[in-house]
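Engineer: My structure is below; once you've seen it, I'll send some questions.
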Amino acid sequence: MSIESTLAELGLSLPPAPKPAGAYIPTRRTGNLVFVAGQVPLAAGQMVATGSVPSQVNMETAHKCAVQCVLNGLAAIKAEVGSLDAIKQFVRLGVFVCSDAGFTEQPKVANAASELLVKLFGDKGRHARAAVGSVALPLGSPVEIEFIVEV
Amino acid sequence: MSIESTLAELGLSLPPAPKPAGAYIPTRRTGNLVFVAGQVPLAAGQMVATGSVPSQVNMETAHKCAVQCVLNGLAAIKAEVGSLDAIKQFVRLGVFVCSDAGFTEQPKVANAASELLVKLFGDKGRHARAAVGSVALPLGSPVEIEFIVEV
Amino acid sequence: MSIESTLAELGLSLPPAPKPAGAYIPTRRTGNLVFVAGQVPLAAGQMVATGSVPSQVNMETAHKCAVQCVLNGLAAIKAEVGSLDAIKQFVRLGVFVCSDAGFTEQPKVANAASELLVKLFGDKGRHARAAVGSVALPLGSPVEIEFIVEV
């Protein structure tokens, strides 16, 4: 079954490929690695939420944001390589969570992204990861995620 | 025309290769990828500015800082591979902007770096990018930029 | 002399391979590169320290944390490739230091990690590095370090 079918079974679908929020490109391929620019939770041109976790954005909403970042990243990868089925493995996720001082549950936010990738791709979806807090993110985003994948 | 000629036409020039601010090296090559250590806006041994954006450092100065980070990164790459003309493509920029809580325009700061690379290198200068806010950076820097390039 | 013998001479030893703090894996190999997930200073299941540098965690303790992150990273690499002697070179360290606003000595904290790698691996231990401040880190960690190594 294709990855996009699995996505549909989860009640999710791929958005249009994201446009960059600046003077850069969504993906750059070098050899068999694709580097995906940091994704924020834009859905149909609107941020799913904005603000810091957890004072302004609760954990449930932060999880939704992380999922949207993954969907946008997948759309960018598809635009680069033609199909999500061309992905051999995910290599690294960089997850930045806009955090109140003293917030320590960045991994729980990041897990929403990691778990979706494993649901979709199985062992190919597993990856190394750095999840850290950030004082402020572009567009007021609660979460930003960048990806390295092998194709 | 060589990249350094283009740089001169823009009224810019390459500084001496940066010295690391710690126990590491400015660049590490693996295969045809060169990883460049995080650059801060040192020019002739002095920081272009210090502090958080925008309360202590305005956008215009932040742009200047981003440009200086790029110049220092280019000098480091030249020291590694001999000539900027050996660069096949930029792959990824990691851009950290020392940010007040609530500041959301990290992409605008990062654009000063990205746009300079495209002016200098054309399509080869385009790259994936993560731009995030940071509560504090080395030497009080308003901006830190790291690079991955393919040679 | 093997790397683990050198480690013993320094009075250090390799902990058991770290378990991930979330839905990801400690290492992902692509070609001859191993990406190591962000490590926090867990030792025997306890954090060496928690809090922000320097108000809650002083420099000496922050150095100890950075060393523990390296030991955990080395344990993860050994679990992936069988022996630390298989490492050809360290490529990049990403060092996040939980920082008070205005703290600027992230490189000094990161140096504890970088210097240990050079003591253990000589020139192979040298690496490009980004050291930045973070408002908050997983588990309240003062330091998080991720690695890219060539094997």
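The values are calculated or read from the model by the stated rules, or taken from the named source; none is laboratory data. It should be emphasised that the depicted structure is a prediction, and the values quoted were computed from it without experimental measurement. Methodologically, a virtual Cβ is constructed for each residue, glycine included, from the backbone with ideal geometry; neighbour enumeration extends over all protein chains shown. Heads up: the accessible areas ignore ligands, DNA and RNA and are worked out on the full protein's heavy atoms, side chains in. Shrake-Rupley method; radii C 1.70, N 1.55, O 1.52, S 1.80 Å.
Engineer: Nearest 0.05, what FRET efficiency do A:Met59 and A:Lys19 give at R0 = 25 Å with Cβ-Cβ as r?
Structural biologist: 0.30
Engineer: In addition: With springs only between Cα atoms under 10 Å, which of B:Ala130, B:Ala49, B:Ala75 fluctuates most in a Gaussian network model of chain B?
Structural biologist: B:Ala130
Engineer: Given H placed 1.01 Å from N in the peptide plane, which residues other than close sequence neighbours of C:Ala131 have an amide H under 5 Å from its amide H?
Structural biologist: B:Gly38, C:Val95
Engineer: Which value does Rg/Rh take for the protein assembly as shown over its C-alpha atoms, Rh per Kirkwood? Could you put the intermediate results ahead of the total?
Structural biologist: On the way: Rg = 20.2 Å, Rh = 21.5 Å.
So for the protein assembly as shown, dividing Rg by the Kirkwood Rh gives 0.94.
Engineer: Can you show me the helix-derived [θ] at 222 nm for the protein assembly as shown, built from DSSP H runs with n ≥ 4 at -39,500 (n - 2.57) apiece and divided by the number of residues, rounded to the nearest 500.
Structural biologist: Per the formula, -10000 deg cm²/dmol.
Engineer: Same structure again: For chain C, set up a Gaussian network in which alpha carbons nearer than 10 Å are linked by springs, and say which option among C:Glu60, C:Glu80, C:Glu105 fluctuates the most.
Structural biologist: C:Glu60
Engineer: Please give, to one decimal in nm, the separation of the simple spin-label points placed at A:Lys119 and B:Leu10, each 7 Å out from Cα toward the Cβ.
Structural biologist: 4.4
Engineer: How tilted is helix C:59-81 with respect to the longest principal axis of chain C? Cα atoms for both, answer in degrees (0 to 90, nearest 10).
Structural biologist: 30
Engineer: In square angstrom, what is the accessible area per residue of the range A:1-139 with a 1.4 angstrom probe? List each step's numbers first, then the result.
Structural biologist: Working: 5310 Å² over 139 residues.
In whole numbers, the range A:1-139 has 38 Å² accessible per residue.
Engineer: Next up: What is the Cα coordinate range of the range A:1-60 on the first, second and third principal axes, sorted by size from largest, in whole angstrom?
Structural biologist: 42, 35, 19
Engineer: On to the next question. What are the label-to-label distances in nm, one decimal and shortest first, from C:Thr104 to the same spot in the other copies, with labels 7 Å along Cα to Cβ?
Structural biologist: 3.0, 3.0
Engineer: Name the nearest-to-axis residue of chain C, judged by Cβ distance to the rotation axis taking chain C onto chain A, and quote that distance in whole Å.
Structural biologist: So the chain C residue sitting closest to the axis is C:Val135, 2.
Engineer: Still on this structure: Explain nothing, just the number: dipole magnitude of the range B:55-100 about its Cα centre with +1 on each Lys and Arg Cβ and -1 on each Asp and Glu Cβ, in debye rounded to the nearest 20. Walk me through the numbers on the way to the answer.
Structural biologist: On the way: 4 positive and 4 negative charges, 30 e Å.
Dipole magnitude for the range B:55-100 comes out near 140 debye.
Engineer: Moving on. For C:Glu9, which inter-copy label distances result when the label point lies 7 Å beyond Cα on the Cα-to-Cβ vector, reported in nm to one decimal and in ascending order?
Structural biologist: Going from nearest to farthest copy, the values are 5.5, 5.5 nm.
Engineer: Using C-alpha positions alone, give me the convex hull volume of chain B per residue in cubic angstrom.
Structural biologist: Output value, Cα hull per residue: 98 Å³.
Engineer: Determine how many Å³ per residue the convex hull of the Cα atoms of the range B:69-141 encloses.
Structural biologist: It comes to 86 Å³ per residue, whole-number rounded.
Engineer: Next question. In nanometres, what is the gap between the two model label sites at C:Ser2 and C:Ala79, each 7 Å from Cα along Cα-to-Cβ?
Structural biologist: Simple spin-label model gives 1.9 nm for this pair.
Engineer: Can you tell me, using C-alpha contacts under 8 Å and at least 6 residues apart, the relative contact order of chain A as a whole percent? Kindly include the intermediate steps, with their values, before the conclusion.
Structural biologist: Details: 296 pairs, mean separation 50.4, N = 151.
Dividing the mean separation by the residue count of chain A yields 33 percent.
Engineer: Which of the lysines could a cross-linker span from B:Lys108 if the Cα-Cα distance has to be under 18 Å and same-chain partners fewer than 8 positions apart are dropped?
Structural biologist: A:Lys19, B:Lys64, B:Lys119
Engineer: Defining a contact as two alpha carbons under 8 Å apart and six or more residues distant in sequence, what relative contact order in percent does the range A:1-71 show?
Structural biologist: On the way: 52 pairs, mean separation 17.0, N = 71.
Value for the range A:1-71: 24 percent.
Engineer: At 7 angstrom along the Cα-to-beta-carbon line, where would the label on B:Val81 sit relative to the other copies? Give the distances in nm, shortest first.
Structural biologist: Taking the point 7 Å beyond Cα along Cα→Cβ, the inter-copy spacings are 2.3, 2.3 nm.
Engineer: Apply the Karplus curve 6.51 cos²θ - 1.76 cosθ + 1.60, θ = phi - 60°, to the phi angles in the range B:108-115 and return the couplings in whole Hz, x for Gly and Pro.
Structural biologist: For the range B:108-115, the Karplus curve yields 5, 5, 5, 4, 4, 6, 4, 5 Hz.
Engineer: Which of these, C:Gly133, C:Gly125, C:Gly22, has the largest mean-square fluctuation under a Gaussian network model of chain C (Cα springs below 10 Å)?
Structural biologist: Taking springs between Cα atoms under 10 Å, the residue moving most is C:Gly22.
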